[in-house]
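Structure first, commentary second.
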Amino acid sequence: INPQITERKNKINLLEQKGIDTFVAKFERTCKISECLEKFDQLKTVKLAGRVMARRLHGKANFVDINDGSAKIQLYIRQDGLDEESFWIFSQILDIGDVIGVEGELFKTHTNEPTVQVKSLKLLAKALNPLPEKWHGLKDVEIRFRQRYLDLISNPQVREIFITRSKIITKIREFFDSRGFLEVETPMMQYIPGGATGKPFKTHHNALDVDLFLRIAPELYLKRLIVGGLDKIYEINKNFRNEGISTRHSPEFTMLETYSAYADYKDMMMLCEELIENLAKTVLGKVELTFQGKRIDLKRPWKVLSFAKLMKENYDINPEDSEAEWLEKLKKKGKDINLLGEVPEGPKGKLSRSQILNLITDLFEEESQERPIFLVDWFAENCPLAKRNKENPMLAQRFELFIGGVEIGNAYSELNDPIEQRKRFEQELKQGDLNEARKVDDDYIQALEYGLPPTGGLGIGIDRLVMLFTDSASIREVILFPLLKPQV
């Protein structure tokens, strides 16, 4: 047993012997520390609370730093300025990591340091575990992700990441609410996992005695709502895919999906530009950001590139080419399919969507490091939920958005022909889908048979967007509790 833990437990026993509560139910603060510092010249007496982060003893003059998550402030403590119990707690009981509440008068030291001269001190929660030795800059990735609370205590920049994340989500809601969109919720447990080609997590409902799947996407339910007359909707949703983990992939992730009746993918392109530029202005206060050493200008309009043109010019691949032809042409160009990476998704025997993205992103990665890029003209065969291009039916009315070399969003002109949609679902199954739970969603087809208006749909990965806005290299840095292998 850690001797520090034993010592702290002994201190709890001493408190109990004196009838002093070790874990207090409530403490009334007059303000947060950040508010205290902002209004310092207007305040005289304050009641603050926070975690003890440092102690400096100078004879009769003692200094303590506390932090409440909003900011840090210095406390000045003298024995002759405190009641007997408060000074005993300070001198005999208090440890780094303890949570305390204080009341006192504000002043500035001769070095102009904002300080509270403490008149009373109360222990609010005794920390049994000492903070890590390197708490003043916790670097161990394993500890940081497994014990995120220590990461938040130790690294102020990590707190800023999640404050920014919260602001982004708040501003997304404000953006859509102000434009007449309705926020909705769709099921996270589904009989048929649809709307994407990921592998689902499986569960069982005991009362109904049926297998269910955590959703891989909310798309098919959201479009049912468009059929029902909710013309402009959005959902900020959790999705789950039982696939690989990487710096850009998490099995549990957050998406924004929005649909607008009587619109198409080009309308979604303009909406996407407007949304992200607006987020940059309202969250960052500017339309430029730096991601992994590269400066990115988010000012509209953004660049548009053709997927079909890139594939033709660089690999001589056409929309009508078979899988065998793809592989043969890539082989001639010196591309090793095994080096493209594999996230299990898509029909068996075909390149996965991730492999296709890895195949092409290096062709425009440098460009997307400086400006966002819309990649249009996707092969219709790879877009089972999107309308075909009228001028070239081999291509889909779809775009994917790349910023800083990262895939951020995806949009369609939604396929609203129920006969064609059934054919595409059946074709997917014939090709042999890796997702054994997939089947034709007859209920969704039935909904289309009642008439889905022309509809534009857009999905944006919120985790990846936060990565961009906070210059984070890994998706695990922007998820408070990323999934990790259990410790043995």
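The values are calculated or read from the model by the stated rules, or taken from the named source; none is laboratory data. Computed from a predicted structure; not experimentally measured. Cβ coordinates were reconstructed from backbone atoms using ideal geometry, including for glycine residues, and neighbour counts include every protein chain displayed. Accessible surface is based on the protein model in full, side chains and every heavy atom, while ligands, DNA and RNA are left aside. Shrake-Rupley method; radii C 1.70, N 1.55, O 1.52, S 1.80 Å.
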Among the residues of segment 11-52, write down those that are open to solvent by 80 Å² or more (accessible area, probe 1.4 Å), farther than 21 Å from I73 by Cβ, without any contact (Cβ under 8 Å) to a residue 40 or more places away in the chain and not in a loop (DSSP other than H, G, I, E, B). E16, Q17
For the subset of segment 107-132 comprising residues that are in a strand (DSSP E or B) and either on the phi > 0 side of the Ramachandran plot or small (G, A, S) (or both), which member is surrounded by the most Cβ atoms within 10 Å (Cβ to Cβ)? A125
Test Y412 against the stated conditions and say whether it is at pLDDT 95 or above and in contact with a Ser or Thr (Cβ under 9 Å, 6 or more places away or on another chain). yes
Hey, F90 under 23 Å from K32 (Cα atoms), assigned to a helix (DSSP H, G or I) and open to solvent by less than 30 Å² (accessible area, probe 1.4 Å) or not: yes
Taking the options D65, D95, D83, name whichever one is open to solvent by less than 30 Å² (accessible area, probe 1.4 Å), out of contact with any strand residue (DSSP E or B) (no Cβ under 6 Å at 6 or more places or on another chain) and acidic (D, E). D95
Residues of segment 267-284 satisfying the condition of being among the charged types (D, E, K, R) and in contact (Cβ under 8 Å) with a residue 12 or more places away in the chain: D267, E273, E274, E277
May I ask you to say which residue of I233, I216, I168 is open to solvent by less than 60 Å² (accessible area, probe 1.4 Å), among the aliphatic types (A, V, I, L, M) and farther than 27 Å from K281 by Cβ? I216
For segment 285-316, which residues satisfy the criterion of being under 21 Å from the mean Cα position of the chain (by Cα), without any contact (Cβ under 8 Å) to a residue 12 or more places away in the chain and not in a loop (DSSP other than H, G, I, E, B)? E288
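Is it the case, given these coordinates, that P251 is over 21 Å from L275 (Cα atoms) and surrounded by fewer than 22 Cβ atoms within 10 Å (Cβ to Cβ)?
Yes, satisfied.
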Residue check for E235: part of a loop (DSSP other than H, G, I, E, B) and among the charged types (D, E, K, R): no
Looking only at segment 222-232, decide whether some residue is over 22 Å from P482 (Cβ atoms), of a type in the set (D, E, K, R) and assigned to a helix (DSSP H, G or I). yes
Looking at (1) open to solvent by 20 Å² or more (accessible area, probe 1.4 Å); (2) within 20 Å of D267 (Cβ to Cβ); (3) among the polar types (S, T, N, Q); (4) in contact (Cβ under 8 Å) with a residue 40 or more places away in the chain, which one does N416 not meet, given that it meets all the others? (4)
Out of all the residues in segment 379-392, which are at pLDDT below 95, touching a Lys or Arg at 6+ places or on another chain (Cβ under 8 Å) and outside any loop (DSSP other than H, G, I, E, B)? A380, N382
Mind checking whether some residue in segment 186-204 is crowded, with 16+ Cβ neighbours inside 10 Å, in a helix (DSSP H, G or I) and either touching an Asp or Glu at 6+ places or on another chain (Cβ under 8 Å) or at pLDDT below 95 (or both)? no
Identify the residue in segment 449-458 that is open to solvent by less than 10 Å² (accessible area, probe 1.4 Å) and not aliphatic (A, V, I, L, M) and, among all such residues, is farthest from G409 (Cα to Cα). T455
Residue satisfying all of: in segment 171-185; in a helix (DSSP H, G or I) and of a type outside the set (S, T, N, Q); surrounded by the most Cβ atoms within 10 Å (Cβ to Cβ) among these: I172
Filter segment 429-446 down to the residues that are buried (at least 17 other Cβ atoms within 10 Å of the Cβ), at pLDDT 85 or above and outside any loop (DSSP other than H, G, I, E, B) and list them by number. Y444
So which residues in segment 133-152 are open to solvent by 30 Å² or more (accessible area, probe 1.4 Å) and closer than 23 Å to K485 by Cα, if there are any at all? K139, D140, V141, E142, I143, R146, Q147, Y149, L152
